[in-house]
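A.B. asks: Quick one: the structure is below, questions incoming.
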Amino acid sequence: MKIVAADIGGTHARFAIAEVAGGKWLDLGAPVTLKSADYDGIEAAWATLPAAFGAALPDAAAIAVAAPIEGDVLAFVNNDWEIRRTGLSDRLGLKAMTLLNDFGAMAHGVAALGHGATEHLCGPDVLLPLDHPVSVIGPGTGLGSAILLRRGGRIDVVETESAHIAFAPLDTVEEAMMPALRQMYGRVSNERLVSGPGLAAIRAALDPQAPPMSDAGLWAAALSGGDAAFDRFAMIYGAVAGDIALAHGAMGVAIVGGLSNRSKARLRASGFHDRFIDKGRYAARMERIPVRLVTHEHTGLVGAAAAFAQEHTA
């Protein structure tokens, strides 16, 4: 059957027509990408899709959102949308719907795409484990994480909010950054630093006199090499990813998202892995964990479709 797959994040809302059957994702059409800020909410964005796809929409959908799936009103942390669950399927013209967190969808996508959609980032160059938890982690507008569990052929996903654990400085440089970061945010969570906007926060905390730059300009400079803010970003990213994996009990880590894919060469050459494994008495365990980069451009859309397939067509 055909469904609409949606992946709605802090900056973009992505939609595609997917084919699902027999409990599995089969195919994904060319996505349509909208800027979330251009629309008042999901209903307004949805209304543009028939014209964008050139056809009536299927009456089934998998919708992944960058918000916890709790209560009737889903409030996004990193954009102004709110989604009211009561009556949502009727407002969108749907007979069947799966609603899940965006990183729950990412985890389903990692499972659905398999090893062929990954490449080695650091740690042992081996497959992600099938018999132990896998942490799915990725920065974008915010920082997402989820736990992937494979149990007897079934995919189970635990959606988490590890991004909002408090940031822990690990050296004198990071301790010196904290007063500026607290002035910016009050409580400093991991997401404040390990995210697209986090690079600007790190730069400002390292050098309060640095002239302002756009996020796009900052990232262009960072990816060209030799950028102190990115070097620190990569170290903090590695430390946070290792903390999340340790807390999840994971024996594999899947790194997802466009930001990590664009910066993969810099991440490999950085202090990311040293910080990832630097967990004191658990360092030897961390050294055994493969960290793989998921290279598919639309892992979240694939995962949303896979979650729908498991719920409605298995």
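A.B. asks: In region 1-31, what count of residues is obtained for those that are part of a strand (DSSP E or B) and either in contact with a strand residue (DSSP E or B) (Cβ under 9 Å, 6 or more places away or on another chain) or free of Cβ contacts under 8 Å to residues at least 40 places away in the same chain (or both)?
C.D. replies: Number of matching residues: 20.
A.B. asks: OK, next. Going residue by residue through region 162-185, is there one that turns out to be over 17 Å from the mean Cα position of the chain (by Cα), aromatic (Phe, Trp, Tyr) and either assigned by the TED database to the domain that holds HIS12 or in a helix (DSSP H, G or I) (or both)?
C.D. replies: Yes, region 162-185 contains at least one residue that is over 17 Å from the mean Cα position of the chain (by Cα), aromatic (Phe, Trp, Tyr) and either assigned by the TED database to the domain that holds HIS12 or in a helix (DSSP H, G or I) (or both).
Per-residue answers, yes or no, for (1) touching a Cys at 6+ places or on another chain (Cβ under 8 Å); (2) closer than 26 Å to GLY225 by Cβ; (3) in a loop (DSSP other than H, G, I, E, B):
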{"residue": "LEU259", "(1), (2), (3)": "no, yes, no"}
{"residue": "ARG266", "(1), (2), (3)": "no, yes, no"}
{"residue": "SER270", "(1), (2), (3)": "no, yes, yes"}
{"residue": "ASP274", "(1), (2), (3)": "no, yes, no"}
{"residue": "ALA283", "(1), (2), (3)": "no, no, no"}
{"residue": "LEU293", "(1), (2), (3)": "no, yes, no"}
{"residue": "GLU297", "(1), (2), (3)": "no, yes, yes"}
{"residue": "LEU301", "(1), (2), (3)": "no, no, no"}
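A.B. asks: Within the group VAL157, VAL188, which residue is touching a residue at least 24 places away in the same chain (Cβ under 8 Å) and surrounded by 13 or more Cβ atoms within 10 Å (Cβ to Cβ)?
C.D. replies: VAL157
A.B. asks: Turning to a different aspect of this structure: Being of a type in the set (Val, Ile, Thr) and crowded, with 24+ Cβ neighbours inside 10 Å: is that true of ILE277 here?
C.D. replies: Considered against the rule, which asks whether it is of a type in the set (Val, Ile, Thr) and crowded, with 24+ Cβ neighbours inside 10 Å, ILE277 comes out as no.
A.B. asks: Here is a further query. Can you tell me which residue is surrounded by the fewest Cβ atoms within 10 Å (Cβ to Cβ) among those in region 54-93 that are among the aliphatic types (A, V, I, L, M) and more than 23 Å from PRO31 (Cα to Cα)?
C.D. replies: Among residues in region 54-93 that are among the aliphatic types (A, V, I, L, M) and more than 23 Å from PRO31 (Cα to Cα), the one surrounded by the fewest Cβ atoms within 10 Å (Cβ to Cβ) is VAL73.
A.B. asks: In addition: Among (1) assigned to a strand (DSSP E or B); (2) not assigned by the TED database to the domain that holds ARG262, there is one condition GLY93 misses while meeting the rest; what is its number?
C.D. replies: It is condition (1) that GLY93 fails.
A.B. asks: Taking the condition at pLDDT 95 or above, within 29 Å of GLY114 (Cβ to Cβ) and assigned to a helix (DSSP H, G or I), does ALA245 pass?
C.D. replies: yes
A.B. asks: Could you tell me whether region 266-277 includes any residue that is farther than 23 Å from ALA146 by Cβ and touching a residue at least 60 places away in the same chain (Cβ under 8 Å)?
C.D. replies: Yes - at least one qualifying residue is present in region 266-277.
A.B. asks: Could you tell me whether region 16-27 includes any residue that is at pLDDT below 95 and at negative phi?
C.D. replies: There is no residue in region 16-27 that is at pLDDT below 95 and at negative phi.
A.B. asks: Quick check on region 243-260. Is at least one of its residues surrounded by 22 or more Cβ atoms within 10 Å (Cβ to Cβ) and under 14 Å from ARG275 (Cα atoms)?
C.D. replies: yes
A.B. asks: I've got another one for you. Name the residue, out of ILE69, ILE83, ILE63, that is assigned to a loop (DSSP other than H, G, I, E, B), β-branched (Val, Ile, Thr) and under 22 Å from PHE308 (Cα atoms).
C.D. replies: ILE69
A.B. asks: Condition first: loosely packed, with under 15 Cβ neighbours inside 10 Å and touching a residue at least 12 places away in the same chain (Cβ under 8 Å). Can you find one or more residues in region 100-118 that meet it?
C.D. replies: yes
A.B. asks: Quick check on region 126-136. Is at least one of its residues of a type in the set (Val, Ile, Thr), over 20 Å from ARG292 (Cα atoms) and either at pLDDT 95 or above or assigned to a strand (DSSP E or B) (or both)?
C.D. replies: The answer is no, given that none of the residues of region 126-136 is of a type in the set (Val, Ile, Thr), over 20 Å from ARG292 (Cα atoms) and either at pLDDT 95 or above or assigned to a strand (DSSP E or B) (or both).
A.B. asks: Could you tell me which of the residues ARG154, ARG182 is modelled with pLDDT under 95 and not aromatic (Phe, Trp, Tyr)?
C.D. replies: ARG154
A.B. asks: Moving on. Working carefully through the options ASP7, ASP59, find the one that is among the acidic types (Asp, Glu), under 22 Å from the mean Cα position of the chain (by Cα) and closer than 17 Å to THR98 by Cα.
C.D. replies: ASP7
A.B. asks: Select from region 41-54 the residues that are outside any helix (DSSP H, G or I) and without any contact (Cβ under 8 Å) to a residue 24 or more places away in the chain and list them in ascending order.
C.D. replies: THR48, GLY54
The values are calculated or read from the model by the stated rules, or taken from the named source; none is laboratory data. Just so it is clear, the model here is predicted, and its values are computed rather than measured. Reconstructed Cβ throughout: ideal geometry from the backbone, glycine too, with neighbour counts over all protein chains shown.
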